[in-house]
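Okay, structure first, notes after.
The values are calculated or read from the model by the stated rules, or taken from the named source; none is laboratory data. None of the values given here were measured: they were computed from a predicted structure. Heads up, the Cβs are rebuilt from the backbone with ideal geometry, glycines too, and the neighbour counts pull from every protein chain shown. Ligands, DNA and RNA are excluded from the accessible area calculation, which covers all protein heavy atoms including side chains. Shrake-Rupley method; radii C 1.70, N 1.55, O 1.52, S 1.80 Å.
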Amino acid sequence: MLRFKDYAYGNKQKRFMPNILELRDLSRTYKLGDEVLNALDHVSLTVEKGQFIAIIGPSGSGKSTLANIIGGLDKPNNGTVQIDGQDLSKVRDNKLSTYRNQHIGFVFQSFNLQPHNTALENVMLPLVFSKLKRSERKKRAKECLEAVGLGERLNHKPDQLSGGQRQRVAIARALANNPSIIIADEPTGNLDSAKGAEIMDLLKSLSKQGITLIVITHDMNVAKQAQRVLEMRDGKLTERRG
Amino acid sequence: MRFSDYILISLQNIWRQKLRSALTIFAVVIGATSVTIMLALVTGAKGFFTSQFEANGVLQQVVVSPKADITNYDEAQHGGGGNCDSCVKLTDIVANKIEALPHATGLARVLTSGSVEAIKLGDKKLTVNQVKGYDTNGVITRTMVAGRDLDGNDKTGVITVSSDYADKLGFKSNYGSLVGKKVDLITRNWYTGIGADIPKPQMQPGANNEPNNKSTVLSATVVGVSDSNSDSQVVRAPLDWVHGMNMNQMWQPDEAYNQAAQEKCQRRTPGPCNVEQKLVLVSQDMVERNGYDSFVVKADATSNTAGLVTEIKKLGVGAADAQSYIQSQIQIFNIVGLVLGGIGGIALLVAAIGVINTMVMAILERTREIGVMRACGAKRSTVRALFTFEASLLGFLGGIVGIAVGYGLTRIANVFINKQLASNSFQVHNIIALPLWLIVTVIAATTVIGFFAGLYPASRAARLNPVDALRYE
């Protein structure tokens, strides 16, 4: 359910864009032995639909934790996560899984493709968990691969594809279920700069089509392409440029 | 996720680890095959056993024994003999009373004689344990493979032999030629029955039942060859003849004559008078003394045998029907089946451990993949179901192959058993069958075993934290 937001929490600017994402006062702690680690320390964030934001920060600063909570893979200890007006911080695994399936597309640094499956089968994976017919799944997966420029590589297995192509397959997989948010954790980390730039162009084009894009990176060249840059440091989030 | 997706993904995963899956399935196959064969053997043997009884009409019979406290059919048949303290003599009067009971449609008196030692034809001589005589009124019937069964017109001098004897006398697969042949029944040397030549004691008058130490040869015509059954070394003869064989003939002083002679002598010459004792041959009817060995009573229906047993027991004699005997025999098959099935069960248990091991390994290997699946929207329950399904599929495939192997082995076993049955002139063959219920049961059992073996690994997979799983190297 979309909600028009006139006075977003922590952001007093008046706009007429719906907020797709609203994080309030998020905390996430880990216990390492006797030590308590604050991965997220009272983090609040509002993101509008279709925005491209970059989250930067040194490793261990909590940026991946933040991405995982937004993506519904993890839950905060405190605070609320509202996505499309829905609070995720309290829902159970089943609902969270459906949420990931319907709203989120993940892109990982190491692609995380199933090595024994073809590009097409990899892209079909999120569709398997939806209630689509097999023929429709195939059709949709094909469209997504065509959209990332791999229409000719449907039946190639990951080891027959280059790094850039593999990441394109991963992006196609993230697109398969028409997500509202794509979360990319170091999407160019395993690629050379030319291939990385191509992948970023692809992601930006998706953002222009209205998909909210959250990129986690420590590469400033990547970050500066975003509309907003946020920095995580010791579990605290600060807006660098917005 | 659709059911077909579970099948497809599980098959893909099984196929990916061909060797490991094959070894795991192989373990299940061993268990399934052994259980299949054992169940098939026991079921086949049980069916064969019961059908044999049904064919003989034995299920309709009640065996009456002089021993009142007999508990089963087998004991009634073999524990006879009327030589116990608590025994009630089986006389013709008892027989008439039993025949008058409701549901009793016929009665055959049974008498055996152990006085024949051997059967001889030409130069072939075979040991005989027993000559069995019974009323040839149709209550006790034998399946004949050649000639005819004994009938009411037979009195003495005719016998039927089992195919065992016919084989050993050299008439294997040519039983017809034995019919009509005259054979010699050679008695034991203490024989005093019908046809015995008892020498008159010369030295000592009044000698009582002295063994004559000489075999008697009784001539008999073979009228039929019967289907062999468990009691080999038995020759069957009409009741009258066996009755005669059990006669006890002996020389005894003729007391009346001797007394008269003594008095006559003393009248003639006073003082001690030595008169030659006169001996006469008397025969004692042992049946009159001991009764018959047993009666076989035919009930009007199989379901009435139990009631008939109760009624007969009221007369003070022992009685049992074959039902209880069959029950106890089948009980043996059940126990054998249980033991053998237990061995197969242990094999299946080991196979289950193999499945658990395989699945735990698979989960370790596929941790990252599970993470990706979770990120793509797989629920915990989906992951759990997927791995449980995969384990069940391993069990299912093992069951299918096990049944196939088991089927092949029972076919081979049947070839050998058929030969054995044919050589014992049984008409039945292929007694080890694989009924549908057995096939379904075995496959269902291995599938369920796979399912249970998959529960633990699957719940481990489902419990994986997706974040950790994605980071897993």
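Is the range B:173-194 home to any residue that is of a type in the set (Gly, Ala, Ser), crowded, with 19+ Cβ neighbours inside 10 Å and not in a loop (DSSP other than H, G, I, E, B)?
Taking every residue of the range B:173-194 in turn, none turns out to be of a type in the set (Gly, Ala, Ser), crowded, with 19+ Cβ neighbours inside 10 Å and not in a loop (DSSP other than H, G, I, E, B).
If A:Ser193 meets every condition in (1) more than 19 Å from the chain's Cα centre (by Cα); (2) within 27 Å of B:Met1 (Cβ to Cβ); (3) open to solvent by 10 Å² or more (accessible area, probe 1.4 Å) apart from one, which number is that one?
Condition not satisfied by A:Ser193: (2).
Output the qualifying pairs, or none if there are none: Cβ atoms under 6 angstrom, residues six or more apart or on different chains, first residue in the range B:1-28 and within 12 Å of chain A (Cβ to nearest Cβ) and among the aliphatic types (A, V, I, L, M), second residue surrounded by fewer than 16 Cβ atoms within 10 Å (Cβ to Cβ) and part of a helix (DSSP H, G or I).
none
Which is assigned to a helix (DSSP H, G or I) and open to solvent by 30 Å² or more (accessible area, probe 1.4 Å), of B:Ile14, B:Ile25, B:Ile7? I'd like the intermediate steps shown before the answer.
Numbers: B:Ile14 fails: open to solvent by 30 Å² or more (accessible area, probe 1.4 Å); B:Ile25 fails: open to solvent by 30 Å² or more (accessible area, probe 1.4 Å).
Going through B:Ile14, B:Ile25, B:Ile7 in turn, the sole match is B:Ile7.
Okay, residues lined up against (1) open to solvent by 10 Å² or more (accessible area, probe 1.4 Å); (2) assigned to a loop (DSSP other than H, G, I, E, B); (3) under 19 Å from B:Gly371 (Cβ atoms):
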| residue | (1), (2), (3) |
| --- | --- |
| A:Thr29 | yes, no, no |
| A:Ser59 | yes, yes, no |
| A:Asn68 | yes, no, yes |
| A:Asn101 | no, no, yes |
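Suppose the filter is of a type in the set (S, T, N, Q), more than 10 Å from chain B (Cβ to nearest Cβ) and surrounded by 21 or more Cβ atoms within 10 Å (Cβ to Cβ); does A:Thr188 pass it? First the steps, then the outcome.
Working: of a type in the set (S, T, N, Q): yes; more than 10 Å from chain B (Cβ to nearest Cβ): yes; surrounded by 21 or more Cβ atoms within 10 Å (Cβ to Cβ): yes.
Spelling it out, A:Thr188 is indeed of a type in the set (S, T, N, Q), more than 10 Å from chain B (Cβ to nearest Cβ) and surrounded by 21 or more Cβ atoms within 10 Å (Cβ to Cβ).
In the range A:114-141, which residue that is touching a helix residue (DSSP H, G or I) at 6+ places or on another chain (Cβ under 7 Å) and either of a type in the set (Gly, Ala, Ser) or over 19 Å from B:Arg2 (Cβ atoms) (or both) is surrounded by the most Cβ atoms within 10 Å (Cβ to Cβ)?
Taking the candidates together, the pick is A:Ala119.
Take the residues in the range B:377-402 that are within 14 Å of chain A (Cβ to nearest Cβ) and β-branched (Val, Ile, Thr), then tell me which one is farthest from A:Phe129 (Cα to Cα).
Applying the first criterion (within 14 Å of chain A (Cβ to nearest Cβ)) to the range B:377-402 yields B:377-386, B:389.
From what is left, the residues that are β-branched (Val, Ile, Thr) are B:382-383.
On the way: B:Thr382: 8, B:Val383: 11 Å.
Residue satisfying both the conditions and the ranking: B:Val383.
Tell me, yes or no, whether the range B:303-317 has at least one residue that is of a type in the set (Asp, Glu), closer than 20 Å to B:Asn96 by Cβ, open to solvent by 40 Å² or more (accessible area, probe 1.4 Å) and modelled with pLDDT of 85 or more.
Residues of the range B:303-317 that are of a type in the set (Asp, Glu), as a first pass: B:311.
Still in the running and closer than 20 Å to B:Asn96 by Cβ: B:311.
Next cut, open to solvent by 40 Å² or more (accessible area, probe 1.4 Å) only: B:311.
When the remaining residues are screened for being modelled with pLDDT of 85 or more, the result is B:311.
Within the range B:303-317 (the criterion being of a type in the set (Asp, Glu), closer than 20 Å to B:Asn96 by Cβ, open to solvent by 40 Å² or more (accessible area, probe 1.4 Å) and modelled with pLDDT of 85 or more), the answer is yes, since at least one residue qualifies.
Which of the strands (runs of 3 or more DSSP E) found entirely inside the range B:90-130 contain at least 3 residues meeting this: closer than 21 Å to B:Val287 by Cα and in contact with a Gly (Cβ under 8 Å, 6 or more places away or on another chain)? Lay out the reasoning, then the answer.
Working: elements: B:104-113, B:116-121, B:124-127.
Result: B:104-113.
Could you pull out the residue among A:Lys90, A:Lys95 that is open to solvent by 20 Å² or more (accessible area, probe 1.4 Å) and outside any helix (DSSP H, G or I)? Please lay out each step first, then the result.
Numbers: A:Lys95 fails: outside any helix (DSSP H, G or I).
That would be A:Lys90, the only listed residue that is open to solvent by 20 Å² or more (accessible area, probe 1.4 Å) and outside any helix (DSSP H, G or I).
Restricting to the range B:221-276, give me the number of residues that are in a loop (DSSP other than H, G, I, E, B) and touching a Phe, Trp or Tyr at 6+ places or on another chain (Cβ under 9 Å). Walk me through it before giving the result.
As a first pass, look at the range B:221-276 and keep what is in a loop (DSSP other than H, G, I, E, B): B:227-233, B:246-247, B:254, B:269-276.
Checking which are touching a Phe, Trp or Tyr at 6+ places or on another chain (Cβ under 9 Å) leaves us with B:227-228, B:232-233.
Qualifying residue count, the range B:221-276: 4.
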